[in-house]
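The structure appears below as structure tokens.
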Amino acid sequence: MIGYYVHHQGSGHLNRARTVAAHCPVPVTGLSTLPEPQDWPWPGQWVRLPRDDDGDPAGFGDVTAGGRLHWAPVGHAGLRGRMALVARWIEAASPRLLMSDVSVEVALLARLLGTPVAVAAMRGDRTDPPHRMAYDLAELLLAPWPAALPEPGWPAHWAARTVHTGAFSRFDGRPRAVRAPGPGRADLSRADRPRTDLSRADRPRTDRPRTDRPRTDRSRTDRSRTELLPTDPLPTDPLPTDPSPMNLSPTDLSRTDLSPADSARTPRKVLLLMGAGGTDVSPGEVKAARAATPGWEWTTLGGPEGGWSADPWPALCAADVVVTHAGQNALAECAAARRPAVVVPQERPFGEQAATGRALTRGDLAVVTPRWPAPDAWPALLEQAYEQGGDRWSRWAPGDGAIRAATALAEAAGFTAPARDLGGPDDPTAPRTPGALDHPTAPRTPGAPDHPAAPRTPGAP
């Protein structure tokens with residue numbers, strides 16, 4: 001059994017948890033303020049936690065305990081119930097590992113109860129005492145970015161226990177629609193199409209070395225090694241920085257044949273992904289950008305005035321350029337679709353998105369601008385992204401990151417079974433490991449009712 005704590009802010013943590021749990025070869029129990037999703041790969045294995053941020057903030061006291069924690073409001077009943085449920089589940093289920101994505105406090109509690117901990121690594125300045133404690137006590141750090149673009153300044157002992165999976169999303173392996181070329185449209189080359197042949201034989205295993213796919217070295221003395229052979233582009237194929245024609249893909253070259261008249265006849269498509277974790281961009285700024293780019297047709301998903309879609313994949317694939325923030329999930333989905341992108345990092349605690357933007361710039365993977373551009377800058381930015389194309393996203397998101405993550409978690413928990421095929425448990429009717437407190441027959445802590453998900457105080461883990 002592996003426990004997986006899921007932060008409820010935004011949608012990225014839950015999407016990542018679902019994707020990794022679907023590949024895990026052992027049962028995974030989710031623990032979260034969020035309700036169990038209908039497509040959780042291990043049905044019934046979910047612990048619904050009370051909120052710990054409701055009530056009057058004036059009564060919360062020193063939530064950081066003198067700077068040693070991120071969020072521990074004094075005297076808060078929800079916090080007590082929350083931690084009690086986690087502790088009771090650990091006592092009942094005896095998990096081999098708890099994955100924290102992300103909470104310093106939950107990671108610390110699990111380790112104090114003798115449970116090994118894995119932590120979802122995040123970019124930005126994580127040298128504050130709470131982050132240092134969580135990263136120091138973790139058996140494993142999972143970094144959802146390529147090893148070729150590490151986060152600068154990490155201590156050696158963090159790097160030694162890190163597995164770089166590359167970015168991954170719920171859409172990895174899903175076929176991309178191939179559009180007919182025409183005025184103002186890109187012709188999708190073979191390089192722009194996804195790999196859908198990630199069979200069990202292609203995936204990293206723990207019981208024998210492979211020569212055709214990466215495998216993780218899970219020794220306690222060095223967990224930084226993700227062994228890649230020359231077929232993998234990250235460390236052996238330097239990231240291109242020269243914008244000369246030698247670095248242009250067939251997709252890029254096909255675009256040079258479009259005349260201005262052709263492009264003007266058929267507006268190209270912009271997809272603006274605002275996300276669910278909050279935005280710094282106002283509706284007026286979006287309206288001004290739209291007005292400044294008459295040759296482009298804008299669609300907005302997320303944000304205060306955007307639409308919502310449970311499945312944004314068709315919209316991603318239809319876009320000629322995606323405009324997005326620098327959240328891990330949004331970038332992973334854009335990368336899975338191999339779409340050209342303009343990335344505008346948003347203000348986040350610890351400078352997470354700004355650090356991600358710097359990594360994208362170092363890798364020459366997208367057009368990155370540090371703030372929402374002035375209206376007259378948008379035509380050139382969209383053209384620059386369109387000409388750059390999306391093929392380079394393969395260096396950010398190789399397509400099997402969730403498999404690598406699931407394999408690393410299983411190995412850290414002491415299991416050697418290979419990662420599961422996409423889709424989760426082979427037999428949904430098979431009996432599950434007992435101990436999921438939200439199961440109708442499982443014991444509950446009196447006085448700790450389920451609470452609906454609600455926005456957390458900004459900056460709270």
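For the range 313-373, which GluC sites (Glu not before Pro) are in a loop by DSSP, counting at most 16 other Cβ atoms within 10 Å? Write down the numbers at each step before the final one.
Working: sites: Glu333, Glu347, Glu352; in loops: Glu347.
Answer by residue number: Glu347.
Give the long-range amide H neighbours of Trp46: residues separated by 5 or more places, or on another chain, with amide H under 5 Å away, using H modelled in the peptide plane at 1.01 Å from N.
The list, which skips near neighbours in sequence, is Gly30, Leu437, Asp438, His439.
When ranked by the protection proxy of mean other Cβ atoms within 10 Å per residue, highest first, what sequence do the peptides 394-406, 1-13 form? Write down the numbers at each step before the final one.
Details: 394-406: 25.5, 1-13: 23.0.
Ranking the peptides 394-406, 1-13 by packing returns 394-406, 1-13.
Can you give me the long-range amide H partners of Gly306? Hydrogens built in the peptide plane at 1.01 Å from N, cutoff under 5 Å, separation of 5 or more residues or another chain.
HN-HN under 5 Å from Gly306: empty list.
Can you give me the C-alpha center-to-center distance between the range 100-132 and the range 16-56, rounded to a whole angstrom?
Distance between centres, Cα-based: 18 Å.
Kindly write out, for the range 92-97 in residue order, the coupling ³J(HN,Hα) from the Karplus curve 6.51 cos²θ - 1.76 cosθ + 1.60 (θ = phi - 60°), rounded to whole Hz, with x marking Gly and Pro.
Ordered by residue, 3J(HN,Hα) equals 6, 8, 6, x, 7, 6 Hz.
Within 10 Å, count the other beta carbons around each residue, average over each peptide in 334-340, 41-47, and list them highest first. Can you show the working numbers first?
On the way: 334-340: 26.7, 41-47: 22.0.
Result, highest mean Cβ count within 10 Å first: 334-340, 41-47.
Taking the Cβ-Cβ separation of Thr416 and Asp56 as r and a Förster radius of 45 Å, what is the calculated FRET efficiency to the nearest 0.05?
Values: r = 50 Å, r/R0 = 1.12.
For R0 = 45 Å, the calculated efficiency reads 0.35.
May I ask you to derive the FRET efficiency for Ala65 and Phe350 from their Cβ-Cβ distance with R0 = 25 Å, giving the value to the nearest 0.05?
0.85
Using the Karplus curve 6.51 cos²θ - 1.76 cosθ + 1.60 with θ = phi - 60°, what ³J(HN,Hα) values do you get for each residue of the range 401-415, in whole Hz, with x for Gly and Pro?
Per residue, the Karplus-derived 3J(HN,Hα) values read x, 5, 5, 4, 5, 5, 5, 5, 5, 4, 5, 5, 8, x, 9 Hz.
Order 124-137, 24-37 from most to least packed using the mean count of other Cβ atoms within 10 Å. Display every interim value, and only then the final one.
Values: 124-137: 17.0, 24-37: 22.1.
My ranking of the peptides, most packed first, is 24-37, 124-137.
Enumerate the calculated ³J(HN,Hα) couplings along the range 40-52 in order (Karplus 6.51 cos²θ - 1.76 cosθ + 1.60, θ = phi - 60°), each rounded to whole Hz, writing x wherever the residue is Gly or Pro.
4, x, 10, x, x, 8, 7, 10, 7, 9, x, 6, 10
Please work out how much length the chain gains when fully extended from Ala292 to Met133, using 0.36 nm per residue of separation minus the C-alpha to C-alpha distance, in nm with one decimal. Don't skip to the answer; put the middle values down first.
Details: separation 159, 0.36 × 159 = 57.24 nm, distance 4.79 nm.
That pair, Ala292 and Met133, stretches by 52.5 nm at full extension.
Bear in mind these aren't lab numbers, they're just calculated from the coordinates by the rules spelled out. This is a predicted model, so every value here is computed, not measured. Methodologically, a virtual Cβ is constructed for each residue, glycine included, from the backbone with ideal geometry; neighbour enumeration extends over all protein chains shown.
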